[in-house]
Amino acid sequence: MGLAIVSSRAHLGMDAPEVAVEVNIAGGLPGMSIVGLPEAAVRESKDRVKAALQNCGFDFPAVKITVSLAPADLPKAGGRFDLPIALGILAATRQLPGKSIARAEFIGELSLDGRLRPVHGALSAAVAAGASGRQLLLPRGNLAEAALVADADLLGAEHLLEICAHLSGADRISPPPTQPPAYSSSPLTIEDLSEVRGQAAARRALEISASGGHDLLLIGPPGTGKSMLARRLVGLLPPLPDAQALEVALVSAAASGLFDVGCWGQRPFRHPHHSASAAALTGGGRVPRPGEVSLAHRGVLLLDELPEFARNVLESLRQPLEDRQVTVARVAARTTFPADFQLVATMNPCPCGYRGDSVAACRCTPDAVDRYRSRISGPLLDRLDLHVEVPRPPPGRLLRVTAGESSNDVAARVAAARQVQLDRGWVNARLPGARLLETCRPRRDGLRLLERAATRFGLSARACHRVLRVARTIADMDGAVTLDQSHVSEALSLRQIDRR
Ligand SMILES: Nc1ncnc2c1ncn2[C@@H]1O[C@H](COP(=O)(O)OP(=O)(O)OP(=O)(O)O)[C@@H](O)[C@H]1O
Ligand SMILES: [Mg+2]
Ligand SMILES: [Zn+2]
């Protein structure tokens, strides 16, 4: 009697794999069945589609309707297939010209009166449709989000009848106006660096960290401004270029289904509580969802009070720190999420917090201090380029120091230092080992100092490479071409834990 095939897309992590919605009309007992791993919301499509078609004045034939969502092994969720199913029925029953649906893709949930409701995953569907060169028709409520994809050919509609009129040629939908997405001024910059008083050394470390993308650990007694400083790192970083802004938007949409267009171009700032589970950090869920490490992609992940995180949680960070991506494998599907974030962490020097403090006395046993520090030893510590002490200033001193530089002033210098690096191809923290010496260009006095320090403090080769990368950043902030002793010496002074 009739067969129609409509193109649509599923939503899986950051991807939108193609789904062929096949509708077959045959003689037999009247009824409709949907096959191809549909979840509950997709199975309920039957009732929504039937009501919508009838309420729009179409004929819902009393025949056997089989809807197949292919490939069958792909999990399918949500009401996004309502629209392609409805169009498939109309085409299979010759209420719409079959040719009209061939060149486009469709997603959209139907309400019972035929209006189109926005769906999750419109952004990834727009990316995928753009790459396939096909037009995507979707609910108007999804249009702003999908329009962030520059090369997508999109049409938005409010109602099933609008789409039908467009497809039959009776009344074409006009394409949305093209305008580049607006960059939002980040609400994160409300926390300004000028609020942090004193702590010149830690502020300098924060600027080096921002300039070269170096991971940073702040160590000090309670109440000295560690958390304050750490929270202000993201406000020093330059805005994201479009391609990276899209990656960030796709990860965010993989977590919540939708992307808030008001956040376009903002670097993410994630600060999970220390009670967070390993799955919350690295991702999980029956349908894979990104964890904090991926939600912080291209932005900052703050682990405040680092030793308070459970050991297995810190362990779970090793792989994403190494690979800069995480693969979440679940029964339903496996997906890879990016996880290229900048890490900033804070800790006290000992369990009571006052070890080495000028005012309060530490009450911890050496054993307790060792246990506390060993929680973050090894690979995690190795990854942190900068370890900096944030000591307590002399009493009353804070009240007397004047406000420091604002985030904007520092961010302008950071942007300049980063530009030098981008012209070379990498931000210094990501400089490949093979390019290290030719890029860092240490002079003989710089190298000699590094060798002496390596012997004295027993630095590993990896730690030496980190020192060189940090020294390169300090030289870039200076506008220097080669690394001299002063750059290396400052970089060495920013690895306090190695010296203990
Ligand atoms: N350098 C500073 N400049 C301005 N205010 C500060 C400074 N240090 C601390 N404060 C004040 O103390 C409060 C606590 O600071 P913060 O939370 O950053 O301390 P912390 O070092 O993270 O301490 P803890 O180890 O207990 O987490 C801040 O909210 C701020 O009001
Ligand atoms: Mg704190
Ligand atoms: Zn102590």
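Readers should treat all values here as calculations from the given coordinates under stated rules, not as data from a laboratory. Only a predicted model underlies this, so the values are computations on that prediction, with no experimental measurement involved. All Cβ positions, even for glycine, are placed from backbone atoms using ideal geometry, and neighbour counts span all protein chains on display.
Computed quantities for the displayed model
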{"read-out": "Environment charge of VAL328, counting only residues whose C-beta is closer than 12 Å and scoring Lys/Arg +1, Asp/Glu -1", "value": "+4"}
{"read-out": "Within the chain, helix-based [θ] at 222 nm, where runs of 4 or more DSSP H residues each add -39,500 (n - 2.57), nearest 500", "value": "-10500 deg cm²/dmol"}
{"read-out": "In degrees, nearest ten, helix 461-478 long axis to first principal axis of the chain (Cα)", "value": "90"}
{"read-out": "Signed unit charges on C-beta, dipole axis of region 431-500, positive-most listed residue ALA480, ALA454, SER493", "value": "ALA454"}
{"read-out": "Neighbour net charge for GLY284 - beta-carbon separation under 14 angstrom, K R +1, D E -1", "value": "+3"}
{"read-out": "Given charges at Cβ of Lys, Arg, Asp, Glu: the chain dipole, positive-most of SER100, LEU37, GLY356", "value": "GLY356"}
{"read-out": "Dipole of the chain, positive end: most advanced residue of GLY121, THR327, GLY78 [Cβ charges, Cα centre]", "value": "THR327"}
{"read-out": "Region 2-167, relative contact order in percent, only Cα pairs under 8 angstrom and at least six apart counted", "value": "24"}
{"read-out": "Length gained when the stretch GLU405-ARG430 is fully extended (0.36 nm per residue, less Cα-Cα span)", "value": "6.2 nm"}
{"read-out": "Pairwise FRET efficiency - ARG117 versus ASP151, Cβ, R0 = 35 Å, nearest 0.05", "value": "0.85"}
{"read-out": "Taking the C-alpha atoms of the chain, convex hull volume expressed per residue in Å³", "value": "161"}
{"read-out": "Pairwise centroid distance, computed over Cα atoms, of region 267-337 with region 428-482, Å", "value": "30"}
{"read-out": "Whole-number percent relative contact order across region 1-79, with pairs defined as alpha carbons under 8 Å at least 6 apart", "value": "40"}
{"read-out": "Extension gain from SER174 to THR365, taking 0.36 nm per residue of separation minus the Cα-Cα distance", "value": "61.4 nm"}
{"read-out": "Relative contact order (percent, whole number), the chain, Cα cutoff 8 Å, 6+ residue spacing", "value": "13"}
{"read-out": "Charge dipole (debye, nearest 20) of region 2-167; +1 at Cβ of Lys and Arg, -1 at Cβ of Asp and Glu", "value": "360"}
{"read-out": "Sites SER132 and GLN419, calculated FRET efficiency, Cβ-Cβ separation with R0 35 Å, nearest 0.05", "value": "0.50"}
{"read-out": "Distance from region 101-151 to region 11-70 (C-alpha centre basis), Å", "value": "18"}
